[in-house]
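Reviewing the structure listed below.
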Amino acid sequence: METKKTNLSDYNPDSIPSGKGMKIGIVTAEWNPQITNALFKGAYDTLIANNVAESDITMIHVPGSFELPTGAATLLNSTTEYDAVICLGCVIQGETRHFDFICNAVSNGLTNLSLQDGRPVIFGVLTTNNMQQAIDRSGGKHGNKGVEAAVTAIKMAAMQKAILR
Ligand code: RBF
């Protein structure tokens, strides 16, 4: 069990189930693309490293983090039976109150969607004070939140497969 996380990319490969046969959707926001592309790479590589087949991963883009819940809902409502959807975004605190509105909307939206649908919708969104903090958490000194999001998706999908199917 994790009690303290020092690096977002740290996980024990032996402690997570195989992703073989899992269908995973990834929704990536286009705002702050240098960060969200790095989050995507972290998530994608982690899924592949844990036996999720390339053909079982679907990636879509949405304009900003605010649209992540709608992007995730679109995948969950499609004919493909996803086992989990990972949402990746980066919201950086600015001069306006947009930061709070966007962060609240996306966290509530993803939580509500996951509870309504029943399947895991993973919050892979960086909410930082500045660009440096985002760089540090998208493959920099604090690891990559995309890696953490992919590990969470596999763990949650495996938990549901064990109990529901
Ligand atoms: N989207 C993000 O994913 N990250 C941001 O840091 C971000 N900042 C924004 C700041 C302002 C002033 C505005 C207007 C939008 C921002 N968005 C951001 C985009 C937002 O998520 C959404 O795509 C748009 O508001 C839709 O028009």
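The values are calculated or read from the model by the stated rules, or taken from the named source; none is laboratory data. As the structure is a computational prediction, the values presented were derived from the model and not from experiment. Cβ coordinates were reconstructed from backbone atoms using ideal geometry, including for glycine residues, and neighbour counts include every protein chain displayed. Calculation scope for accessible area: heavy atoms of the full protein, side chains included, ligands and nucleic acids excluded. Shrake-Rupley method; radii C 1.70, N 1.55, O 1.52, S 1.80 Å.
The table that follows gives values for the structure above.
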| quantity | calculated |
| --- | --- |
| Residue in the range 137-152 that is of a type outside the set (Asp, Glu), closer than 13 Å to LEU39 by Cβ and more than 17 Å from the chain's Cα centre (by Cα) present | yes |
| Filtered residues of the range 58-96 (kept if within 9 Å of the ligand (Cβ to nearest atom) and over 17 Å from GLN34 (Cα atoms)) | PHE66, GLU67, LEU68, GLY94, GLU95, THR96 |
| Every pair of residues 6+ apart whose Cβ atoms lie under 6 Å, when the first sits in the range 60-71 and is closer than 14 Å to VAL91 by Cβ and without any contact (Cβ under 8 Å) to a residue 60 or more places away in the chain while the second is among the β-branched types (Val, Ile, Thr) and open to solvent by 20 Å² or more (accessible area, probe 1.4 Å) | PHE66/ILE102 |
| Qualifying residues in the range 97-111 (those that are open to solvent by 20 Å² or more (accessible area, probe 1.4 Å) and β-branched (Val, Ile, Thr)) - the one farthest from the ligand (Cβ to nearest atom) | THR111 |
| Yes/no for LEU8 being within 16 Å of the ligand (Cβ to nearest atom), touching a strand residue (DSSP E or B) at 6+ places or on another chain (Cβ under 7 Å), open to solvent by less than 80 Å² (accessible area, probe 1.4 Å) and within 19 Å of MET156 (Cβ to Cβ) | no |
| Residues (among the polar types (S, T, N, Q) and part of a helix (DSSP H, G or I)) located in the range 92-111 | ASN104, SER107, ASN108, THR111 |
| Residues of the range 112-143 that turn out to be part of a loop (DSSP other than H, G, I, E, B), in contact with a strand residue (DSSP E or B) (Cβ under 6 Å, 6 or more places away or on another chain) and open to solvent by 60 Å² or more (accessible area, probe 1.4 Å), as a count | 1 |
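For (1) buried (at least 24 other Cβ atoms within 10 Å of the Cβ); (2) at negative phi; (3) at pLDDT below 95; (4) part of a helix (DSSP H, G or I), each residue gets a yes or a no:
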| position | (1), (2), (3), (4) |
| --- | --- |
| MET22 | no, yes, no, no |
| ILE35 | yes, yes, no, yes |
| LEU39 | yes, yes, no, yes |
| SER55 | no, yes, no, yes |
| HIS61 | no, yes, no, no |
